[in-house]
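Take a look at the structure below.
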Amino acid sequence: MRRADTAEATRALGEELARELRPGDLVVLSGPLGAGKTTLVQGIAEGLKVRGPITSPTFVIARVHPSRTGGPALVHADAYRLGGALEVDDLDLDASLEDSVTVVEWGEGLVEGLAEDRLEVSVERADAGDERVIRVRGVGARWADSPEWFEPAPAG
């Protein structure tokens with residue numbers, strides 16, 4: 001678990017997270033409206049050195065941000081307006097999954113089937129002020145040796 005008391009700290013945590021990411025990684029973001037999910041993705045994008053701007057993809061559903069440095073592209077998707085797994089399938093996120101880092105806001109319960117290995121990231125507002133509580137949990141063999149600040153993977 002990490003805490004971020006400003007938008008800049010949330011972006012910095014996203015940059016730190018980006019250092020752990022490689023092509024083929026799926027990141028599933030959850031948290032309430034206004035929690036800071038897109039702000040975290042802005043930091044991931046900066047860390048991956050992709051073209052921006054990074055804004056909430058709610059109305060376009062998904063955006064591809066190519067690398068500026070020859071690294072993986074960032075596929076930034078938002079499942080908020082999707083009605084279920086069939087609409088997720090229509091996005092063909094799995095078509096670019098191997099070559100990109102794919103981050104899906106509001107993806108919990110919808111996109112886990114895209115990859116056995118994934119990061120589940122929860123962004124919540126703390127009880128007071130602008131502080132955010134960010135939890136990162138690795139699922140699958142890819143994340144067996146996760147950084148110590150990640151939450152333990154589920155058993156089994």
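The values are calculated or read from the model by the stated rules, or taken from the named source; none is laboratory data. All values reported here derive from a predicted model rather than from experimental measurement. Backbone-built Cβ (ideal geometry, glycine too); neighbour counts: all protein chains shown. Please note that ligands, DNA and RNA were not included when accessible areas were found on the heavy atoms of the full protein model with its side chains. Shrake-Rupley method; radii C 1.70, N 1.55, O 1.52, S 1.80 Å.
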request  = Please identify the pairs in which a residue from the range 32-58 that is free of Cβ contacts under 8 Å to residues at least 60 places away in the same chain has its Cβ atom under 7 Å from the Cβ atom of a residue that is basic (Lys, Arg) and assigned to a loop (DSSP other than H, G, I, E, B), counting only partners at least 6 apart or on another chain.
outcome  = GLY47/ARG19; LYS49/ARG68; VAL50/ARG68; ARG51/ARG68; THR58/ARG81
Qualifying residues in the range 42-63 (those that are aliphatic (A, V, I, L, M) and within 21 Å of LEU21 (Cβ to Cβ)) - the one modelled with the lowest pLDDT = ALA62
task = Could you list, in sequence order, all residues of the range 1-31 that are open to solvent by less than 70 Å² (accessible area, probe 1.4 Å), of a type in the set (A, V, I, L, M, F, W, C) and part of a loop (DSSP other than H, G, I, E, B)?
result = LEU21
inquiry  = Going by what's in this entry, would GLY129 be described as small (Gly, Ala, Ser), under 17 Å from the mean Cα position of the chain (by Cα), over 21 Å from ALA45 (Cα atoms) and modelled with pLDDT under 85?
reply    = no
note = Of the residues in the range 107-126, those that are assigned to a loop (DSSP other than H, G, I, E, B) and at pLDDT 85 or above number 5
key: Contacts under 8 angstrom Cβ, first residue in the range 1-30 being farther than 15 Å from VAL101 by Cα and in contact (Cβ under 8 Å) with a residue 12 or more places away in the chain, partner polar (S, T, N, Q) and open to solvent by less than 50 Å² (accessible area, probe 1.4 Å), 6 or more apart   = ALA4/THR10; ALA7/THR39; THR10/THR39; ARG11/THR39; SER30/SER122
ask   = Can you tell me which residue in the range 64-94 is modelled with the lowest pLDDT, limited to those that are open to solvent by 40 Å² or more (accessible area, probe 1.4 Å) and under 17 Å from LEU21 (Cβ atoms)?
value = VAL64
inquiry  = If the requirement is being in a helix (DSSP H, G or I) and surrounded by 17 or more Cβ atoms within 10 Å (Cβ to Cβ), which of these qualifies: ALA45, ALA35?
reply    = ALA45
